[in-house]
Amino acid sequence: MPTPMQKPSPSLPILLTALLSAWVLCASARNAAPKYVSPMRTSLILNAGISDYKQPALGFTIARTHTWGYYANFMIGLSEMHMRYDYLIDADSRLINGDDKGLIPFYSGRRAVNRLSASAGAMVQMKIPLFLYAGAGYGYRTETRELLNKKWVQTAASPGHSAVVEAGLVGQVDNVTIMAGYMMFIGQQMHLYHEAKIGIGYIFKK
């Protein structure tokens with residue numbers, strides 16, 4: 001039997017406020033003339049994206065850090081990928097196209113989540129070897145499910161082509177880098193997808 005789709009949470013204003021606050025903290029931290037100033041370093045960080053979906057996303061971040069810094073990140077989902085679909089469904093789980101328009105579909109149990117993202121942004125050092133980062137980029141995420149007739153349907157809450165915004169913290173201890181942050185996809189019809197991002201990496205001092 002089909003399961004009802006959850007409606008997207010209206011959290012965009014909250015996230016935009018959080019990102020604005022992050023940039024204010026960046027400026028405050030920079031103007032505070034930190035007591036600890038690290039040398040220019042390059043970090044390679046392996047990331048995992050964690051959400052309410054059981055399969056995480058994996059990727060990597062390349063960062064260059066000094067008092068200020070910058071980074072670039074790429075991530076892709078580990079789930080079975082099936083980007084093609086034959087039908088769309090609405091928020092009431094009814095087909096909205098094809099000969100069976102208006103009917104509630106029956107699923108075989110196969111499910112695929114297509115997810116990838118690329119983002120970049122700025123980093124600023126705090127008063128300890130801890131960096132605040134914030135950035136934006138492109139993301140794509142859809143969920144498709146197989147019907148009993150072997151055709152596929154894309155779920156109503158799929159963001160599709162999306163803008164990605166993120167913010168978080170990066171800590172450096174000796175040659176080890178630790179990352180923790182938050183990422184959000186802002187898709188079509190303001191469909192949102194939330195993900196926590198964690199990572200661990202190595203610092204190349206030269």
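Does Phe60 meet the test of being within 23 Å of Tyr193 (Cβ to Cβ), open to solvent by 80 Å² or more (accessible area, probe 1.4 Å) and among the hydrophobic types (A, V, I, L, M, F, W, C)?
Spelling it out, Phe60 is indeed within 23 Å of Tyr193 (Cβ to Cβ), open to solvent by 80 Å² or more (accessible area, probe 1.4 Å) and among the hydrophobic types (A, V, I, L, M, F, W, C).
Taking the condition of being without any contact (Cβ under 8 Å) to a residue 40 or more places away in the chain and buried (at least 22 other Cβ atoms within 10 Å of the Cβ), how many residues in region 117-144 meet it? Qualifying residue count, region 117-144: 1.
In this structure, does Gly160 turn out to be on the phi > 0 side of the Ramachandran plot and surrounded by fewer than 15 Cβ atoms within 10 Å (Cβ to Cβ)? Considered against the rule, which asks whether it is on the phi > 0 side of the Ramachandran plot and surrounded by fewer than 15 Cβ atoms within 10 Å (Cβ to Cβ), Gly160 comes out as no.
Contact annotation: residue pairs with Cβ atoms under 7 Å, 6 or more positions apart or on different chains, pairing a residue in region 74-93 that is over 14 Å from Gln154 (Cα atoms) with a partner that is open to solvent by less than 60 Å² (accessible area, probe 1.4 Å) and assigned to a loop (DSSP other than H, G, I, E, B), are Leu78/Pro56. Taken over region 155-193, the criterion of being modelled with pLDDT under 90, in a strand (DSSP E or B) and touching a Phe, Trp or Tyr at 6+ places or on another chain (Cβ under 9 Å) is satisfied by Gln172 alone. Yes or no: region 170-177 includes at least one residue that is within 17 Å of Asn73 (Cβ to Cβ) and either in contact with a helix residue (DSSP H, G or I) (Cβ under 6 Å, 6 or more places away or on another chain) or among the hydroxyl-bearing types (Ser, Thr, Tyr) (or both). Yes.
Residues that are open to solvent by 70 Å² or more (accessible area, probe 1.4 Å) and in contact with a Gly (Cβ under 7 Å, 6 or more places away or on another chain) within region 71-84 comprise just one, Phe74.
Taking region 155-191 as the range and being within 16 Å of Ala48 (Cα to Cα) and in contact with a Pro (Cβ under 6 Å, 6 or more places away or on another chain) as the test, only Phe185 passes. Exactly one residue out of Ile89, Ile45 is modelled with pLDDT of 85 or more, crowded, with 18+ Cβ neighbours inside 10 Å, within 16 Å of Gly201 (Cα to Cα) and among the aliphatic types (A, V, I, L, M), and it is Ile45. Across region 98-110, the qualifying residues are those that are open to solvent by less than 50 Å² (accessible area, probe 1.4 Å) and touching a strand residue (DSSP E or B) at 6+ places or on another chain (Cβ under 6 Å), and the one among them that is farthest from Glu143 (Cα to Cα) is Gly98.
The values are calculated or read from the model by the stated rules, or taken from the named source; none is laboratory data. None of the values given here were measured: they were computed from a predicted structure. Neighbour counts are summed over all protein chains in view; Cβ atoms, including those assigned to glycine, are modelled from backbone coordinates with ideal geometry. To get the accessible areas, we keep the full protein, side chains included, count just its heavy atoms, and leave off ligands, DNA and RNA. Shrake-Rupley method; radii C 1.70, N 1.55, O 1.52, S 1.80 Å.
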